[in-house]
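First comes the structure, then the notes that go with it.
The values are calculated or read from the model by the stated rules, or taken from the named source; none is laboratory data. No experiment lies behind these values; they were computed from the predicted model shown. Glycine gets a Cβ as well: all are built from the backbone with ideal geometry, and neighbour counts include every protein chain shown. Remember, those area values only see protein heavy atoms, side chains included, never the ligands or the DNA or RNA. Shrake-Rupley method; radii C 1.70, N 1.55, O 1.52, S 1.80 Å.
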Amino acid sequence: MIIIENAAIATVDAAGTEHPSGYVVVGDDGRIAEVGSGRCEQPGERIDGTGCLLTPGLINTHHHLYQWATRGLALDETLFGWLTTLYPIWGRLDAEIVGAAAGAGLGWLALSGCTTSMDHHYVFPRDGGDVLEAEIEAARAIGLRFHPTRGSMDLGRRDGGLPPDNVVEETDEALAATEAAIDRWHDPSPDAMLQIAVAPCSPFSVTTRLMEEAARLARRRGVRLHTHLAETDDEEEFCRAKFGCTPVEYAERVGWLGDDVWLAHGVHLDDTAIARLGATGTGVAHCPSSNARLGAGMARVRELLDHRVPVGLGVDGAASQEVSHLGAELRQALYTARLRGGPKAMDAREALRLGTIGGARCLGRQDDLGSVEVGKLADLVLWRLDGLGHEGIDDRVAALVFGPPARVELALVGGKPVVERGELANADEETLTRQAQRAHRRLLDATA
């Protein structure tokens, strides 16, 4: 057994239990065997958490890992302008580029306190090889729990969509490939390291038929549904012009509201839309830094939470949010909420809940992830908070959220280290960097 001791602990359980100095015992089954205050007398491998805060591992609920290869481009564009600039470049993706980008992105996420990440991949060039397999192998190499989604686009420019025609698929082809991904990769078990979700890209890149049939496919196979929705004013105008309704009304029309659905962004939601999400248990992946970078707006997270909408955090694609640091997103979420609603709109512990149990609810993993409780999977992060940047903030949770991004002293996934003393346990950061640099140059040189 592993015993982490002498650490402050924020369990993020329903009661908000915290221990100023406590311990967590990790059993050899990769689950939490005991949590408590004071000292644990059991024998086992002991890890000293003095000066640290122990929390559940952070859960990233929205990302596009392939975009690590196109960071730093279209820096001053709105979403639609950014997409039209980058779609032609993404049309030249291949498995080598995606694997390198995913390795870099997942390695960086691990170093930022993330133990579970989803990915929304929806660009499948015909001669690009198996790009989904490439990112799955990258996640295995880093050691993170992974929820890749098989995305799709079938509404090209000639049919009134936003993406170029050469990056979209035929509807039946996309559906067949999605089901094949579920057959090959999805693990429904409670301790799964890999689960697949179904994820047509967005209302402006997907036909109504694909949205409807994707929902039926996902429910027939018992997997979750994910898409972008209500991210920008442009999308609102597109939905009203094309469908005669708001994005959330359209989602409901095509069967995309329910407790097996989580939506990316949810920035432009009126009171009626928020109430519908709450009533149906539909989740939202809140991506405050990406929304700020693209000038998309500030999501109404306080109102979403008040309506019991499951809300998690996402760093979003590395090309729309170059920092991609999930630990830092805790503070960004808190600041965004306060910009909308003042200093009472969100506190540090609510921000931590978004990044942990909120994310677990979005991914349907709340029974096994998202809090430090006996019987749950030992996906844990030990944050070092005894340095200059956090000195003087006595409340350890406040230090983590309000202070500078904290170093990850230890990150465990199912009791196995993925970060130790601020370094990746299963991969070499310099190698990941070189591979990402090469992928970036290959992609840009090919489109020059």
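Ranked highest first by the average count of other Cβ atoms within 10 Å around their residues, in what order do 218-230, 24-36 fall?
218-230, 24-36
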- Task: Would you kindly compute the Cα radius of gyration of segment 205-356 and its largest Cα-Cα separation (Dmax), both in Å?
- Result: 15.1, 44
- Query: Ignoring ligands, DNA and RNA, what accessible area per residue does segment 165-206 give at 1.4 Å, in Å²?
  - Reply: 38
- Query: Which percent, to the nearest 5, of DSSP beta bridges fully inside the chain are antiparallel?
  - Reply: 45
- For segment 163-262, the Debye formula with one identical point scatterer on each Cα and no solvent gives log10 I(q)/I(0) at q = 0.10, 0.16, 0.18, 0.21 Å⁻¹ as -0.29, -0.71, -0.87, -1.10
- Wrap a convex hull around the Cα atoms of segment 297-448, take a quarter of its surface area, and give that in square nanometres. 11.9
- Query: Taking K and R as +1 and D and E as -1, what net charge do the other residues with C-beta under 9 Å from the C-beta of Ala411 add up to?
  - Reply: -3
- Query: Calculated from DSSP H runs of 4 or more alone, at -39500 (n - 2.57) each and per residue, what is the 222 nm mean residue ellipticity of the chain, nearest 500?
  - Reply: -11000 deg cm²/dmol
- Task: Pull up all non-local amide H partners of Cys287: gap of 5 or more, or a different chain, and H-to-H distance under 5 Å with H placed in the peptide plane.
- Result: His265, Gly314
- Query: In sequence order, what are the phi-derived ³J(HN,Hα) couplings for segment 197-208 according to the Karplus relation 6.51 cos²θ - 1.76 cosθ + 1.60 with θ = phi - 60°, rounded to whole Hz, with x for glycine and proline?
  - Reply: 10, 9, 8, x, 5, 5, x, 8, 9, 9, 6, 4
- Pop the C-beta distance of Thr78 and Thr17 into the FRET formula with R0 = 30 Å and round what comes out to the nearest 0.05. 0.10
- Query: Could you give me the ³J(HN,Hα) list for segment 411-424, computed from phi with Karplus coefficients 6.51, -1.76, 1.60 and θ = phi - 60°, whole Hz, x at Gly and Pro?
  - Reply: 10, 10, 10, x, x, 9, x, 10, 9, 9, 6, x, 10, 5
- Query: D for segment 1-126, whole µm²/s, Stokes-Einstein with Kirkwood Rh over alpha-carbon pairs at 4 °C and 1.567 mPa s: what number?
  - Reply: 73
- List every residue whose amide H lies under 5 Å from the amide H of Thr227, counting only residues 5 or more places away in sequence or on a different chain, with H placed 1.01 Å from N in the peptide plane. Trp262, Ala264
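Given +1 on the Cβ of Lys and Arg, -1 on the Cβ of Asp and Glu, and no further charges, what dipole in debye does the chain carry about its Cα centre, rounded to the nearest 20?
Result for the chain is approximately 440 debye, rounded to the nearest 20.
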- Query: What list of ³J(HN,Hα) values in whole Hz, one per residue of segment 16-29 in order, does the Karplus curve 6.51 cos²θ - 1.76 cosθ + 1.60 (θ = phi - 60°) give from phi, with Gly and Pro shown as x?
  - Reply: x, 4, 9, 10, x, 8, x, 9, 10, 9, 9, x, 6, 8
- Want the number for Ala279 to Asp165: 0.36 nm per residue separation, take away the alpha-carbon distance, what's left? 37.3 nm
- Task: For an R0 of 35 angstrom, estimate the FRET efficiency from the Cβ-Cβ distance between Glu133 and Arg253 and round to the nearest 0.05.
- Result: 0.55
- Other-chain or far-sequence residues with amide H under 5 Å of Gly22's (modelled H): Asn6, Ala7, Ala8, Ile9, Gly38
- Note on the structure: Taking 116-124, 200-208 and ranking on average Cβ neighbours within 10 Å, highest first, one gets 116-124, 200-208
- Dividing the Cα convex hull volume of segment 107-219 by residue count, how many Å³ per residue is that? 113
- Query: By the scheme Lys and Arg +1, Asp and Glu -1, what is the net charge of all other residues having a beta-carbon under 14 Å from that of Arg31?
  - Reply: -4
- Full-stretch length increase - Gln42, Asp306 - with 0.36 nm per residue and alpha-carbon distance subtracted: 90.9 nm
